[in-house]
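The values are calculated or read from the model by the stated rules, or taken from the named source; none is laboratory data. It should be emphasised that the depicted structure is a prediction, and the values quoted were computed from it without experimental measurement. A quick note on method: Cβ atoms are made from the backbone with ideal geometry, for glycine too, and the neighbour counts reach across all protein chains shown. Calculation scope for accessible area: heavy atoms of the full protein, side chains included, ligands and nucleic acids excluded. Shrake-Rupley method; radii C 1.70, N 1.55, O 1.52, S 1.80 Å.
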Amino acid sequence: MADEPLPLLPHEERLPPRSDLWVAAGSLTFSAAILTLTFRMPTYTDQGGQIYTAPGLVPSFYGVVIGLLSLWLAGRALRAGALSAAGKGEPRETGNSNARFVLAAGLGLIFIVGLIGRMPFWLAATVFVTVFVAAFEWQPGLASTARARRFAVALAIGLCTGILVTLVFERVFLVRLP
Amino acid sequence: MLDSLGQFGGALAHLLSGWGVLNVFWATLLGIIIGALPGLTATMGVALMTTLTFTMPHEQAILVLVCIYVGAIYGGSRSAILLNIPGTPASACSTLDGFPLARQGLAGRAMGISTSGSWLGTLFGILCVAALTPVLSEIALKFQSFEFFWIAVFGIVIAGTLAGGDPLKGYIAGFLGLFIATIGQEPYYNYQRFAFGSTDIAGGIGLLPALVGAFGVAEVLQAMRGPAVQAVSSKIDSVIPRLEDVFKYWRTILRSGAIGTFIGILPGLGEDTAAWSSYAAARRASKEKEKYGKGSIEGLMAAETGESACVPGAIIPVLTLAVPGSAPAAVLMAAMLIHGLNPGPNLMLQTPEFFYQIVAMLLIADMAKLFFGLTLVRPLLWILLVPRERLMPVVFVLCVVGAYAITSRVFDIYVMLFFGFLGFILRELKFPMAPLILGLVLGDLLEKNLTRGLVLSGGSIAPFFTRPVSGAIAAITIFSILWSIPGFSGRVAGLFRRRPAGGQAT
């Protein structure tokens, strides 16, 4: 163990070269969009302003740097064999679930866009937390009493969250709630 | 000296008067809980509490945030030891030896080592804050726009190079953060950049909603996507730290404290780099290398001391240069700005009492951490067992409240949501987050100083390279970029390698 390299953190692991090539293409497009928008900005030189105070100068500098770094990333990915069959990388078992991600993201989106502002915050928070807990703890084939018990727990957590968050932040921290 | 001690005593008394003691206790406890829960990080905790405490008097609000920061970095080790899952990224290193110790039935001893190492590390860092901040402030007062421009660029580059992972993606993340900071009205002509006619976007991207999104929402999404946490060991031996562990490894403690503080001072690196660097240095110097990774007390001590020493270290550049040393320190700096404080070289001139208050806050938080570390074992075990399905929606609700709290704009909730998805995607694509955050925080500083420098020099870029300090920081920055190019470091090392008489390099 003493001479083994230290284990990598999640963000230290490298993507397959093909994925890096896609990332480079995306950031290169983003850089081109920045440059297009900044070149359309006024320079105010006709009103006596100096070019180095032009509103688009600094963002265009960032756009150029992001573009150059993207080219570097693309070149590195190509050298690593991004276009070869091996460049796609091997699928790994990570235990991640895209279905759970979509469900969590969808519920969050509904909470923000659909519930907040349309009802009192405590109620919106209660509905969101209750549905979230109930949806993630839902299991097919459970007896109706067990399912009712789980839903009651979810409702209790939702009500506690809605009421406590409202009371603590509105009354103690004097924070306005959406 | 006596005057300084008097001011420090005054700051301590002021902070602990009234609601101070209560604030210290709940904030440190909350920090430890946030740190202990996998998926919740110190940055998220500080960002959330910044928005929720902004109606408090500034010294009490900053005290709460410092306690959250110190507590969360320490709390991460609990889940690292008991679950083999780091509560915060900073505690990833503690899993290497903490969890094997727990499996050997020594979870309590491991937590004792974590408590003593963390307490001593923060104490070491506090001494460095007290000793170095006035000196560095004095030096920083001589800096002009040219130097501040390079310090901001250096921060982005060094965070990209050393934050771990792919330096190239670190640079892209940093410049993406800088770009996002340019959205909204620019300072010279009030031109609305990238607003597309929206008055909300023209007001700029709020730093805190963006941080709450990038750390809070993104972490909720990641936690829900990832595999479930495994069951925790429930048998705990004594958590009282053993003095023999401290005395036996005093060299490791001092070395890790120095490394942690130094890494804290470097812009944007943070506690995870500090922990890994301290651990690696301890392993290199150790007489018991074979124990590392199998339950080494020295290894755990090094990681805990390093990460905790980094906390005060990361506050030093905030106080002296207005450049944060870590992601949570970036949020802390934003909180100082919100409360009307002026972090940077002028802080010691305008509000010297705040410097003593910060030192006092760190000391108070460190003592509260020690108290909870020794007493709070069972309740933390129960909290660690809360399923993510029940915890994460509550965190999401708090993120929404936090994003909305400061300006009461629904737009900020959308900003939070956008940055939540952006943060999630960037993490999936293996972009480090520290440079992005640093870019967001330093964007304003960089742009203002670049433009001001150009105005002062009449459009010439020469002073950016020819002024001594500016030139030196520029050289280090460029060298850091070159160093990350594969093969460059080997070639430089080859230049200095001795060649045999035959002329062939070995």
Inset, instruction - Starting from the Cα of B:K369, draw a straight line to each of the aspartates and glutamates and keep only those under 15 Å, dropping any in the same chain fewer than 8 residues away. - result: B:E304, B:E307
Legend entry - Rounded FRET efficiency, nearest 0.05, which uses the C-beta distance separating A:F39 from B:S460 and R0 of 22 Å: 0.40
Legend entry - Within the accessible area of chain B (1.4 Å probe), percent carbon and sulfur: 66
Legend entry - Gyration tensor (alpha-carbon) shape descriptor, region B:395-496, a/c threshold 1.5: oblate
Legend entry - Efficiency of FRET from Cβ geometry, A:W22 and B:L337, R₀ 45 Å, rounded to 0.05: 0.75
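Beta carbons within 10 angstrom, averaged per residue: use that to sort the peptides B:339-351, A:49-61, highest first.
Answer by packing, highest mean first, reads A:49-61, B:339-351.
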Legend entry - Cα gyration tensor shape of chain A, rounded if a/c is under 1.5, else prolate or oblate by comparing a/b with b/c: oblate
Legend entry - region A:64-172: GluC sites (Glu not before Pro) in DSSP loop, at most 12 other beta carbons within 10 Å: A:E93
Inset, instruction - Write down the accessible area per residue of the protein assembly as shown in Å², having rolled a 1.4 Å probe over the full set of protein chains. - result: 41
Inset, instruction - Bin all alpha-carbon pair distances of region A:10-88 at 5 Å intervals from 0 and give each bin's fraction as a whole percent. - result: 3, 16, 18, 16, 13, 10, 8, 6, 5, 3, 1, 0
Inset, instruction - Take every residue in peptide A:58-69, count the Cβ atoms of other chains within 10 Å of its Cβ, and give the average of those counts. - result: 6
Inset, instruction - Please sort B:316-323, B:256-263, B:431-438 by packing, taking for each peptide the average over its residues of neighbouring beta carbons within 10 angstrom, highest first. - result: B:431-438, B:256-263, B:316-323
Legend entry - Interface size B-A, as summed buried accessible area [1.4 Å probe, Å², nearest 100]: 6700
Legend entry - Cross-link reach list, lysines versus B:K289, counting only Cα pairs under 22 Å and skipping chain neighbours closer than eight places: B:K248
Inset, instruction - State which stretch of chain A is the longest one without any exposed trypsin sites (Lys or Arg not before Pro), exposure meaning a DSSP loop state and at most 10 other Cβ atoms within 10 Å. - result: A:119-178
Legend entry - Buried on assembly, region B:408-433 (at least 20 Å² less accessible surface than by itself, 1.4 Å probe): B:S408, B:I413, B:Y414, B:L417, B:F421, B:F424, B:L429, B:K430, B:F431
Inset, instruction - Provide the convex hull volume over Cα atoms per residue for region A:98-172, in Å³. - result: 86
Legend entry - chain B: DSSP helices with Cα axial extent of at least 27 Å and average Kyte-Doolittle hydropathy no lower than -1.0: B:58-83, B:107-140, B:297-321, B:352-375, B:410-428, B:433-456
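Give me the inter-chain shielding for B:283-294: mean count of other chain Cβ atoms within 10 Å, whole number please. Please list the in-between numbers first.
Working: counts 4, 1, 0, 1, 0, 1, 3, 2, 2, 4, 5, 1.
Counting Cβ atoms of other protein chains within 10 Å of each residue's Cβ and averaging gives 2.
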Legend entry - Cβ-derived FRET efficiency at R0 35 Å, A:L164 paired with B:T199, nearest 0.05: 0.50
Legend entry - chymotrypsin sites (Phe, Trp or Tyr not before Pro) restricted to DSSP loop in region A:97-173 with at most 13 other C-beta within 10 Å: A:W138
Inset, instruction - For peptide A:73-80, compute the average count of partner chain beta-carbon atoms within 10 Å of each residue's beta-carbon. - result: 1
Inset, instruction - Could you tell me what percent of the accessible area of region A:98-172 is made up of carbon and sulfur, with a 1.4 Å probe and every protein chain present? - result: 73
Inset, instruction - Sort A:Y44, B:Y74 by accessible area with a 1.4 Å probe, largest first. - result: A:Y44, B:Y74
Inset, instruction - Work out which helices of chain A, taken as complete DSSP H runs, extend at least 27 Å along their axis over the Cα atoms and score a mean Kyte-Doolittle of -0.5 or more, then list them. - result: A:17-39, A:57-79, A:144-167
Inset, instruction - In nm, give the distance between the simple-model label positions of A:R171 and B:F247, each being 7 Å from the Cα along the Cα-to-Cβ direction. - result: 5.3
Inset, instruction - Determine the shape class of chain B: with a ≥ b ≥ c the square roots of the Cα gyration tensor eigenvalues, call it rounded for a/c under 1.5, and otherwise prolate if a/b is greater than b/c, oblate otherwise. - result: rounded
Inset, instruction - Restrict the search to region B:403-470; then list the trypsin sites (Lys or Arg not before Pro) that DSSP places in a loop and that have at most 15 other Cβ atoms within 10 Å of their Cβ. - result: none
Inset, instruction - Treating cross-link reach as a plain straight distance, find the lysines whose alpha-carbon is under 30 Å from the alpha-carbon of B:K169, omitting any fewer than eight places away in the same chain. - result: A:K88, B:K430, B:K448
